[in-house]
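Novice: Quick one: the structure is below, and I'll ask about it shortly.
The values are calculated or read from the model by the stated rules, or taken from the named source; none is laboratory data. As the structure is a computational prediction, the values presented were derived from the model and not from experiment. Backbone-built Cβ (ideal geometry, glycine too); neighbour counts: all protein chains shown.
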Amino acid sequence: MIRALHLLTLSLLLMTLSSFAQPRAEQDVTVLNKILAKQSQVAGTFEQAKHLAILPMPIRSSGEFSFTELSGLNWTVLKPVHSQMVLDDQGIRQIQEGKVVWALDASQPAASHISTIIASVLAADWQTLNKHFDLSHTLTGTRWDINLQPTSQVLLTAVKRITLTGEQVLEKMTLFEANGDSTVIQFDIRNSQP
Amino acid sequence: MPNLLTLIRGAWLAGIIFCIGAIFYSLNAGLKFDTDILSLLPESPHSQSERIANQALAESSNKRVIFLVTGIDRQQTQSAALEVQQALISSEIFLTVQGRIDAQQLAELQTSLAQFEYFHLTNDDQKSLENHSVSNQHPLIKQALSRLYSPMSAVVGKDIQSDPLQLFFNWQSAMSPLTAFSLQDDWLTRDVNDQRYYLISAELRQSPFDISTQLQLDTLITELRNNLGDTIEVLTSGIIFHASHGAKQAQFEISTIGLGSILAIMLLLLFILRKVSLVLITFLPIIVGCTVAFALTLLIFDKVHLITLAFGAGLIGVAIDYSLHFICASIATESKQGLLRRILPSLALGLLSSIVAYAAQAMTPFPGLRQMACFSALGLIAAWLTVVLFLPLFNIPTSTWAQTRVLPILSKLRHYWPSIQQARLYIPLLILIMLSIWQLGSLTVNDDIRNLQTSPDELIANEVRVLNLLEAPAFGQYLVLNAATADRLLQLEEAIALQLESIIHDGHLQAFQSSAQQLYSQNKQQQQYQLIADKVYGEQQLLQAFSQALGAESIERSARQVFLNSNNDVMTSEQWLQEPASQGYRHLWLGQTDNTFYSLITFTGLTAEAIEKLSKLKSDQVIYIDRVQSISNILSLYRSQLLLWIIAAYGFILLVLTMKYKLQAWRVIAAPALASIFTIALLSALGAQITLFNLLALLILLGIGLDASIFLFDSKGEPHTWLAVNLSTLTTLFAFGLLGLCQTPVLHYFGITILIGIFLIWLLAPSFTMKGDSNEAH
């Protein structure tokens, strides 16, 4: 009886927006781990340029970031305005003047998946990235380029591909969006621990 | 006169043939058994609102089946989930199977409601727009910029023209229901204790009570579990699993109880009557009774409940009484002339008393019980008619074995039977009565709806595990709202929402779900559109401030153009129902019935304080319903009403008996009355709680007890009647007593009460109905 009344629930679950895909072969991961091993802590500064098709000039911002496995990604924009965003297991929280002004629960993957992607990239967590992307790389001396191709049709509706470049540490990440826009983030990593 | 009798016999034979024909016709047309335990419940709850809500909830939940696939190894589990999904699709018993999410489905969800984006604001954004003056320090501007300057720009950047301040983005994220499951690996999944659960939900094509669907799903799941092995677990939830178990159990119980009682009764009769032909003659009225009852019940009710059949199996035990009395009288008497005439008054009174008992049962508002009563009454009438019309046609020889061996033993036994006039009986009996009344004082009752439950613990545990993982809102408790138009209903929901917000604010409630969270009333939509038009898109308003702050002034012109070109009609409830995004809310919108619109509001994390406040919202338009509580209330109400019915039935029967037996009528009614009191007192003393179904059994005891008492009294304790009563007691014990072995709680309570009661009637009836001197017959 009571059970009977509980069963309506499924349709509630179909309200979600983006996603990931199937695991890949493990050998790429082993190679990539040699190029750049998994980090448990990363911190530094960033410069972001958001290229929108409809704007002649990119939207630029810069600031500091720090990532630890435990506390997630803390993204602090210093220019042009001061603002803070925390992306972790709980979801995304936007903080202004020390107060949470907006939050998105992790169960709503609309934006929280973006935190998984960027956190995995910063941590060089190839194992996790390998579940959602085809990983390929090219080496030029000690410099490397890594290409991430989404394996899920669902993820492809938002992200066309992601490229990472660096030497010893990650220097640049470019996210090509499905509609032709792109986000380029340059990192200056000062502190990292495997 | 013989001509008239032949005519009646002919008519009855024609009637029987008609019934056989009707059964064959139904069998060919595809017989539908009802196995829904809920149909035992009253069909008319208190209000129209409650009825509509229950019906709508049943419709949307009945066909829903949920599977959770889980295992330790993620990759293996995911491919297992895909295998389950594909097996479900290819079985073709499902209308829809929702497992792995595809891109197109997701794209549709993303763009859903977008054409109405300027009509929707979150409460927070609405307040921000109303309360803050235009500047580049406006909280909405700061929030929007901060996202564009962070990695989140990959999510919000693409809509910068249509949704520069990300108002619609805010609204979309706010109105998506919070769920425990999230999209991972293209599946809705949840991680608990290192295990990932993959969700598949499906909708059945047929009713969950369709037996062939049940069988197919059963086989399918058994095969899947075998194929997937021990490392993968498939959890299930759905009405169909309980319906399927209920049907199997009922079928098993009917066949075992039916066959068991028939077999036991046949052996008993064979032992006493010593002739196969006699046993067959005794059974003839029962076969006719069951056939006629089954056929007419099918005609009257369209669907026969399996529990009716199980209960009806007990009919064998009662219907055989008439045969037994006739046969026992025949084998004990040399002159068959006028035999029927001599026992006819007793037979008639016996039938009447049983019919009165069943009539009382038919008065209860439980459709299932009515059907059982109808089935039993029709069966008894048919069996009785067959005994009276056809049995005298057979040549039944006098049995010397019965006369020389059985009857003397019984007479001897009866010799020791104390009469009620003797102090050695009435004193202990009086003490017992007083003890019983004292025991009845501490009687505990049980109106729990779990009495109607048939599912085994294992099935329920599985179900509970799934529901806990889903963290679904409780659908047993909700508000039902009604209004004359769809828009007024939404306004009402909006007004109620304000009160619910304050209950949430006080910490007594986690969340609520209402259609108006996604579908705003026309008025509210207009207001929000106007607010956006003025405060965002107006000259020198937020849009301009935002563009300047971003350093991209061209945005202002293009964004305003997109706004001006956009749809400016509000969203109607019809349009909303067509949107993919409304999927999670549609079950709350009950639509129009008889010029009134109905909707539901459901809750998560309801506390006692919240329930108290919700109950106080009651008005003509709002009602708080607790399904479990209201069903228990109904059971309790009918339990007390049934008690009155039983007392009334006793009163009525006493009146009828007094017309025939004058001051001796109490002797006839004493056995069933005392047996009933003792039975309930005994059950109570043994720690059992009394349910509605124990009381129902008392009605049957009344019918059976009167049969025995009337025959014993009328025959002045002749040995053949005593034989018939003994046989009839044993047959009833076999027939009804076996119900006590049933797993189905309803039948179990019923059976156990009858079992004790019949035994007591057998002990008591002779003492009350036979006078001291008749003990000396031999």
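Novice: Would you be able to tell me the number of residues in the stretch B:70-103 that are among the polar types (S, T, N, Q) and under 15 Å from B:GLU223 (Cα atoms)?
Specialist: Looking only at that region, the number is 4.
Novice: Here are some residues: B:SER255, B:SER237. Which one is under 26 Å from B:SER455 (Cα atoms), polar (S, T, N, Q) and in contact with a helix residue (DSSP H, G or I) (Cβ under 7 Å, 6 or more places away or on another chain)?
Specialist: Criteria check complete, one pass: B:SER237.
Novice: Quick check on the stretch B:521-529. Is at least one of its residues outside any helix (DSSP H, G or I), at pLDDT 90 or above and either among the small types (Gly, Ala, Ser) or surrounded by 19 or more Cβ atoms within 10 Å (Cβ to Cβ) (or both)?
Specialist: yes
Novice: On to the next question. For the stretch B:291-367, list the helices (runs of 4 or more DSSP H) that sit wholly inside it and hold at least 3 residues that are within 20 Å of the chain's Cα centre (by Cα); which are they?
Specialist: B:306-313, B:339-363
Novice: Among the residues in the stretch B:45-52, are any part of a helix (DSSP H, G or I), at pLDDT 85 or above and more than 10 Å from chain A (Cβ to nearest Cβ)?
Specialist: Within the stretch B:45-52, not a single residue is part of a helix (DSSP H, G or I), at pLDDT 85 or above and more than 10 Å from chain A (Cβ to nearest Cβ).
Novice: Every residue in the stretch B:180-216 that is outside any strand (DSSP E or B) and within 12 Å of chain A (Cβ to nearest Cβ), please.
Specialist: B:ALA180, B:PHE181, B:ASP185, B:ASP186, B:PRO208 - these are the residues of the stretch B:180-216 that are outside any strand (DSSP E or B) and within 12 Å of chain A (Cβ to nearest Cβ).
Novice: Can you name the number of the only condition in (1) on the phi > 0 side of the Ramachandran plot; (2) in contact with a strand residue (DSSP E or B) (Cβ under 7 Å, 6 or more places away or on another chain); (3) of a type outside the set (Ser, Thr, Tyr) that A:GLN168 fails?
Specialist: Every condition holds for A:GLN168 apart from (2).
Novice: Of B:ASN462, B:ASN482, which residue is within 30 Å of B:THR593 (Cα to Cα) and either within 25 Å of the chain's Cα centre (by Cα) or outside any helix (DSSP H, G or I) (or both)?
Specialist: B:ASN482
Novice: For the stretch B:110-166, give me the residue count where each residue is charged (D, E, K, R), without any contact (Cβ under 8 Å) to a residue 12 or more places away in the chain and under 20 Å from A:GLY180 (Cα atoms).
Specialist: Number satisfying all stated conditions: 2.
Novice: Scan the stretch B:451-461 and tell me whether some residue there is farther than 30 Å from B:CYS328 by Cβ and touching a Leu at 6+ places or on another chain (Cβ under 7 Å).
Specialist: yes
Novice: Quick one: which residue in B:PRO473, B:PRO418, B:PRO397, B:PRO456 is more than 29 Å from B:GLY368 (Cα to Cα), within 14 Å of another protein chain (Cβ to nearest Cβ) and at pLDDT below 85?
Specialist: B:PRO473
Novice: All but one of (1) surrounded by 15 or more Cβ atoms within 10 Å (Cβ to Cβ); (2) more than 45 Å from the chain's Cα centre (by Cα) hold for B:MET571; which doesn't?
Specialist: (2)
Novice: Then there is this: Would you confirm whether or not the stretch B:251-263 contains a residue that is modelled with pLDDT of 90 or more and either farther than 25 Å from B:GLY71 by Cβ or away from every other protein chain (no Cβ under 14 Å) (or both)?
Specialist: For the stretch B:251-263, residues modelled with pLDDT of 90 or more and either farther than 25 Å from B:GLY71 by Cβ or away from every other protein chain (no Cβ under 14 Å) (or both): absent.
Novice: Test B:LEU577 against the stated conditions and say whether it is over 18 Å from B:ALA495 (Cα atoms), within 14 Å of chain A (Cβ to nearest Cβ), surrounded by 15 or more Cβ atoms within 10 Å (Cβ to Cβ) and modelled with pLDDT under 90.
Specialist: No; evaluated as a whole, the condition is false for this residue.
Novice: Here are some residues: A:GLN48, A:GLN96, A:GLN39. Which one is in contact with a helix residue (DSSP H, G or I) (Cβ under 8 Å, 6 or more places away or on another chain) and either basic (Lys, Arg) or at pLDDT 90 or above (or both)?
Specialist: A:GLN48
Novice: Please go through (1) surrounded by 22 or more Cβ atoms within 10 Å (Cβ to Cβ); (2) modelled with pLDDT under 85 for B:SER207 and return the number of the only condition it doesn't satisfy.
Specialist: So B:SER207 meets the others, but not (1).
Novice: Given the conditions (1) out of contact with any helix residue (DSSP H, G or I) (no Cβ under 7 Å at 6 or more places or on another chain); (2) on the phi < 0 side of the Ramachandran plot, which single one is not true for A:GLY180?
Specialist: (2)
Novice: Keeping to the stretch B:154-171, report how many residues are within 11 Å of chain A (Cβ to nearest Cβ) and in a helix (DSSP H, G or I).
Specialist: 8
Novice: In addition: Does any residue in the stretch A:81-93 that is more than 10 Å from every other protein chain (Cβ to nearest Cβ) come within less than 7 Å, Cβ to Cβ, of a residue that is part of a loop (DSSP other than H, G, I, E, B) and hydroxyl-bearing (Ser, Thr, Tyr) six or more places away or on a different chain, and which pairs are these?
Specialist: The qualifying pairs are A:ASP88/A:SER71.
Novice: Next up: Scan the stretch B:172-179 and tell me whether some residue there is free of Cβ contacts under 8 Å to residues at least 60 places away in the same chain and either part of a loop (DSSP other than H, G, I, E, B) or within 35 Å of the chain's Cα centre (by Cα) (or both).
Specialist: No: the stretch B:172-179 contains no residue that is free of Cβ contacts under 8 Å to residues at least 60 places away in the same chain and either part of a loop (DSSP other than H, G, I, E, B) or within 35 Å of the chain's Cα centre (by Cα) (or both).
Novice: Here's a check for you: in the stretch A:53-78, which residue that is of a type outside the set (Gly, Ala, Ser) and at the interface with chain B (Cβ under 8 Å from one of its Cβ atoms) is surrounded by the fewest Cβ atoms within 10 Å (Cβ to Cβ)?
Specialist: The extreme case among them is A:PRO56.
Novice: When residues of the stretch A:41-70 are filtered for being more than 15 Å from the chain's Cα centre (by Cα), closer than 21 Å to A:GLY98 by Cα and free of Cβ contacts under 8 Å to residues at least 40 places away in the same chain, how many remain?
Specialist: Adding up the residues that qualify gives 5.
Novice: Let me ask something additional. Criterion first (touching a Lys or Arg at 6+ places or on another chain (Cβ under 7 Å), in contact (Cβ under 8 Å) with a residue 60 or more places away in the chain and either under 30 Å from B:ASN3 (Cβ atoms) or assigned to a helix (DSSP H, G or I) (or both)) does B:TRP401 satisfy it?
Specialist: For B:TRP401, the condition - touching a Lys or Arg at 6+ places or on another chain (Cβ under 7 Å), in contact (Cβ under 8 Å) with a residue 60 or more places away in the chain and either under 30 Å from B:ASN3 (Cβ atoms) or assigned to a helix (DSSP H, G or I) (or both) - is met.
Novice: Evaluate the following for A:ALA119: is it of a type in the set (A, V, I, L, M), more than 8 Å from chain B (Cβ to nearest Cβ) and at positive phi?
Specialist: Judged against the criteria, A:ALA119 is not a match.
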